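Data block below; observations after.
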Amino acid sequence: MLRAIRHKNILPAFSAFRAFSSSAKEMTVREALNSALDEEMSADPKVFLMGEEVGEYQGAYKITKGLLDKYGPERVLDTPITEAGFTGIGVGAAYYGLRPVVEFMTFNFSMQAIDHIINSAAKSNYMSAGQISVPIVFRGPNGAAAGVGAQHSQCYAAWYASCPGLKVLSPYSSEDARGLLKAAIRDPDPVVFLENELLYGESFPVSAEVLDSSFCLPIGKAKIEREGKDVTITAFSKMVGYALKAAEILAKEGISAEVINLRSIRPLDRSTINASVRKTNRLVTVEEGFPQHGVGAEICTSVIEESFGYLDAPVERIAGADVPMPYAANLERMAVPQVEDIVRAAKRACYRSVPLAATA
């Protein structure tokens, strides 16, 4: 039953939070990921794909569509339903000098392979005094989808970002997906690449530069999606879209919000975040994951350590509810951050509403 859920390709029920020129070239996140894999496999014969149904079925979410026909079964490998097994094989191949891209149908199932990811991949370069590189990418959907229950909805950004030796990336747009996946495949170290199922079908404008086969984004560099002067909002993955929508609402009320798309969770672009806070003097962090020990908690600590004197208001953290994800749709919506939650937090930071403590 649980494995059957893997085939549910749930497309987003919300519209894109953007207004684009009709003349702009657009690409879905799914197409961006597929093209990045295709180009990197074409450029480097050491790159190969492995995972459940990545070949004959062309991927549970069709990210690997067409790649088996183009590159053959030796480079696009369908595996049994055994994450611990095929992840270990992938890490061994990386030891040998190949560049595996391992797909998890959902990162919740990466828990079956956690020993290989942490102990075999993340720690080997350090334990070998730099003699062993592990150029491997672990990719797949992360976080909440819709109606798939607690065991398929967890965000693992904070989990993996707490481990030395791993790089953790989380794209939002098609530009992010293309540029970051190419960077991950080319990187000599293990990379955890956290996508979002609800973004696969979303279209974003892409420039000619992004479409160039040489395009690549730097790991560890955030992007300012929207400039502002009154409050900084940090977010990653699907929450970037929510933050941008919140910024639009806030602008109508005279609050100028700066939205930072983190892109890279580890390494974290602390300099961009702190520079923004020193300009706006306020911070709101947004994430789908649990609040305790979360990505937002690390960002808040960084700002307190480096920019405390610039803060004009308490830091606000918006995160998922501290409970396993409910199955019921109404409870599920309450368990993940919504646009209105971000708006309220930004208003509190700007002293434009009653603080939470006063309403308790």
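Please report the base-10 log of the normalised intensity I(q)/I(0) for the stretch 70-140, using a Debye sum with one equal scatterer per alpha carbon and no solvent, at each q in 0.18, 0.19, 0.26 (1/Å). Relative scattering, expressed as log10 I(q)/I(0), comes to -0.67, -0.74, -1.23. Within the same chain, lysines fewer than 8 places from Lys245 are excluded, and of the rest, those with a Cα less than 29 Å from its Cα are Lys8, Lys25, Lys62, Lys167, Lys182, Lys221, Lys223, Lys229, Lys279, Lys347. When only the Cβ of Lys, Arg, Asp and Glu is charged (+1, +1, -1, -1), the dipole of the chain relative to its Cα centre reaches about 540 debye.
Using just its DSSP H runs of length 4 or more, each adding -39500 (n - 2.57), the chain gives a mean residue ellipticity at 222 nm of -9500 deg cm²/dmol after division by all residues. Need the C-alpha centroid separation for the stretch 216-230 versus the stretch 322-342, integer Å. Centre-to-centre distance over Cα atoms comes out at 27 Å.
Counting other C-beta atoms within 10 Å, and keeping those with at most 13, which DSSP coil GluC sites (Glu not before Pro) do you find in the stretch 42-131? Walk me through the intermediate numbers first.
Working: sites: Glu52, Glu53, Glu56, Glu74, Glu83, Glu103; in loops: Glu52, Glu53, Glu56, Glu74.
In loop regions of the stretch 42-131 (DSSP not H, G, I, E or B), the sparsely surrounded GluC sites (Glu not before Pro) are Glu56, Glu74.
Among beta bridges identified by DSSP and lying wholly in the stretch 25-211, the antiparallel ones come to about 15 percent. What is the log10 of I(q)/I(0) for the stretch 223-350, computed with the Debye formula using one identical point scatterer on each Cα and no solvent, at q = 0.12, 0.13, 0.21 Å⁻¹? Normalising to I(0) and taking log10 leaves -0.40, -0.47, -1.20. With one equal scatterer per alpha carbon and no solvent term, the Debye-computed log10 I(q)/I(0) for the chain at 0.09, 0.12, 0.15 1/Å reads -0.48, -0.86, -1.32. The phi torsions of the stretch 342-353, fed into the Karplus equation with coefficients 6.51, -1.76 and 1.60 and a -60° offset, translate into couplings of 5, 4, 5, 5, 5, 5, 4, 5, 9, 6, 10, 8 Hz, rounded to whole numbers, with Gly and Pro shown as x. Modelled spin-label separation between Lys25 and Ser256, with each label point placed 7 Å from Cα along the Cα-to-Cβ direction: 3.3 nm. Counting only alpha carbon atoms, the long axis of helix 29-43 and the longest principal axis of the chain meet at about 40°.
The amide H of Tyr156, built 1.01 Å from its N in the peptide plane, has Gly143 as neighbours under 5 Å, considering only residues 5 or more places off or on other chains.
With a cut-off of at most 14 other beta carbons within 10 Å, and DSSP calling the residue loop, which GluC sites (Glu not before Pro) in the stretch 203-306 qualify? Please list them. Let's see the in-between values first.
Values: sites: Glu209, Glu225, Glu227, Glu248, Glu253, Glu258, Glu287, Glu288, Glu298, Glu305, Glu306; in loops: Glu227, Glu253, Glu287, Glu288.
Passing both the DSSP loop test and the Cβ count: Glu227, Glu253.
The local environment of Gly296, defined by Cβ-Cβ distances under 10 Å, has a net charge of -2 under the rule Lys, Arg +1 and Asp, Glu -1. Need one word for the stretch 25-211: rounded, prolate or oblate. Basis is the Cα gyration tensor (sqrt eigenvalues a ≥ b ≥ c); a/c below 1.5 gives rounded, then a/b vs b/c decides. Rounded, because the longest to shortest axis ratio a/c is under 1.5.
Computed 3J(HN,Hα) for the stretch 307-314, one whole-Hz value per residue from the Karplus formula 6.51 cos²θ - 1.76 cosθ + 1.60 where θ = phi - 60°, is 9, 4, x, 8, 6, 9, 7, x, glycine and proline marked x. Here's how it looks for Cys350: its modeled amide H is under 5 Å from none belonging to a residue 5 or more places away or on a different chain.
Each label point was placed 7 Å from the Cα along the Cα-to-Cβ direction; for Gln338 and Asp78 their separation is 4.2 nm. Here's how it looks for Leu77: its modeled amide H is under 5 Å from those of Leu49, Met50, Gly51, which are all 5 or more places away or on a different chain. Centroid-to-centroid, using Cα positions, the stretch 255-297 and the stretch 133-159 are 20 Å apart.
FYI, it's all coordinate maths here, none of it is from the lab. Not measured: the values here are computed from a predicted model. Glycine gets a Cβ as well: all are built from the backbone with ideal geometry, and neighbour counts include every protein chain shown.
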